[in-house]
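Each value in this text was obtained by applying a stated rule to the coordinates, not by laboratory testing. Just so it is clear, the structure is predicted and the values come from calculations on it, not from any experiment. When we count neighbours, we look across all protein chains shown, and the Cβ atoms used for this are built from the backbone with ideal geometry, even at glycine.
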Amino acid sequence: MALFIEEGKLTLSSTDTGTITFSRSTVPKVVAMAIGDVNVYVESVSTSTSVIRTSAIFSGDIHYHVINNE
C-alpha cells in the first residue's frame, strides 16, 4: 500500500464555495487552508471531488492536499 499526496491551489473570486477534482479508488482525506481573514473547511469528499467552503465571501487562493493510501 502506498501513500499518495496531491497538492494544489483553488482560486476563488467573490464566492464562498469551490470544487476540486481528482481520481482515487477510495475516499481520501482533504486538508485546505487560505492566507487571509477567512476560515476554510471541507464540506464534502468523494472519490472524485471535494467541495471546499469559506466562512465568508472570499477572493484568493486556497491551498489543499488530497491524501490517501491506495
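Lys and Arg at +1, Asp and Glu at -1: add these up for the other residues within a Cβ distance under 15 Å of residue 44 and post the number.
Working: positive: 24, 29, 53; negative: 16, 43.
Around residue 44, the surrounding residues sum to +1.
Which value in Å does the Kirkwood hydrodynamic radius of the chain take, with 1/r averaged over all unlike C-alpha pairs and then inverted?
Working: mean 1/r = 0.0816 Å⁻¹.
In the chain this quantity evaluates to 12.2 Å.
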